[in-house]
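The structure appears right after this line, and notes come after that.
The values are calculated or read from the model by the stated rules, or taken from the named source; none is laboratory data. A quick note: this is a predicted structure, and the numbers were derived from the prediction, not measured. Cβ placement follows ideal geometry from the backbone for every residue including glycine, while neighbour counts extend to all protein chains displayed. Side chains are part of the model used for accessible areas, which takes the heavy atoms of the whole protein and leaves out ligands, DNA and RNA. Shrake-Rupley method; radii C 1.70, N 1.55, O 1.52, S 1.80 Å.
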Amino acid sequence: MLKRRIFHAVASAIMVTGALGQTPNTAQHFAKDGLSFDYPAGWTMDESKTTGQMQYLMLGRNGYATIMVRSPRGLVDSPDKEAHAKQLIQEGFVNAWAKNFSDSGAKPERSTVPTEIAGGAAECARLSASLGGEPGRVDVCWRVVEKRMVQLAIVGSNKDIDRSASAWDAIRNSVKIEPPPQSKPSPQPSPSPGKPLS
């Protein structure tokens, strides 16, 4: 129990959890500001870290891993913007987790693991460490979907992450981004009846 608390303390150091609402015993669906996904019954969600620049959702359940969904609101519509998003959002978050583990006395080891987000291949960095003698990790994965970056992360002891596999899979497989609205061409004025065209 103490070891599990250590992993949750590490997660709390990166983000403030806030009060988590209650969920009924049915599958849940989140849809807001173009981002949507499904998650299992019994999980709670906190949106308190969402800002004007980024949707930031944290899902949790007692005895399970913590799952984070982050999606910057800015469009990623060029290779330069994708490279910038990868460096700023993905690498920045992975480096923050690495520092947090190190500050907690762990020595994280980084590896790359294959995964999918929204039905397509995604890049995923894994930091594995042992806290209080219990092995655990954080997986931080990302992909551009409909010109928006979607980043998913799961953190906890290996046991808690294994127990959370169905929730992780449900979110990864169901996440969607609505395409940005297309600008409509201005209608051309039609000639008035009875007037000759010049």
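Considering only the range 38-48, I want to know if a residue exists there that is of a type in the set (D, E, K, R) and open to solvent by less than 40 Å² (accessible area, probe 1.4 Å).
Checked against the condition, which is being of a type in the set (D, E, K, R) and open to solvent by less than 40 Å² (accessible area, probe 1.4 Å), the range 38-48 yields at least one hit.
Does at least one position in the range 53-63 carry a residue that is closer than 17 Å to Ser166 by Cα and either of a type in the set (D, E, K, R) or touching a Leu at 6+ places or on another chain (Cβ under 7 Å) (or both)?
Yes, the range 53-63 contains at least one residue that is closer than 17 Å to Ser166 by Cα and either of a type in the set (D, E, K, R) or touching a Leu at 6+ places or on another chain (Cβ under 7 Å) (or both).
Failed condition for Lys86, given (1) open to solvent by less than 60 Å² (accessible area, probe 1.4 Å); (2) touching a strand residue (DSSP E or B) at 6+ places or on another chain (Cβ under 9 Å); (3) over 18 Å from Ile161 (Cβ atoms); (4) not in a strand (DSSP E or B), with all others met?
(1)
Please state which one of Val10, Val94 is open to solvent by less than 30 Å² (accessible area, probe 1.4 Å), modelled with pLDDT under 95 and not small (Gly, Ala, Ser).
Of Val10, Val94, the one residue that is open to solvent by less than 30 Å² (accessible area, probe 1.4 Å), modelled with pLDDT under 95 and not small (Gly, Ala, Ser) is Val10.
Could you please let me know if Ala129 is among the aliphatic types (A, V, I, L, M), without any contact (Cβ under 8 Å) to a residue 60 or more places away in the chain, open to solvent by less than 60 Å² (accessible area, probe 1.4 Å) and in a strand (DSSP E or B)?
Here the answer is yes, as Ala129 does meet what is asked.
With respect to Arg70, is the statement that it is part of a strand (DSSP E or B), open to solvent by 10 Å² or more (accessible area, probe 1.4 Å), touching a residue at least 12 places away in the same chain (Cβ under 8 Å) and under 23 Å from Asp46 (Cβ atoms) true?
yes
Filter the range 132-172 down to the residues that are of a type in the set (Gly, Ala, Ser) and either surrounded by fewer than 18 Cβ atoms within 10 Å (Cβ to Cβ) or part of a helix (DSSP H, G or I) (or both) and list them by number.
Listed by number, the residues that qualify are Gly132, Gly133, Ala165, Ser166, Ala167, Ala170.
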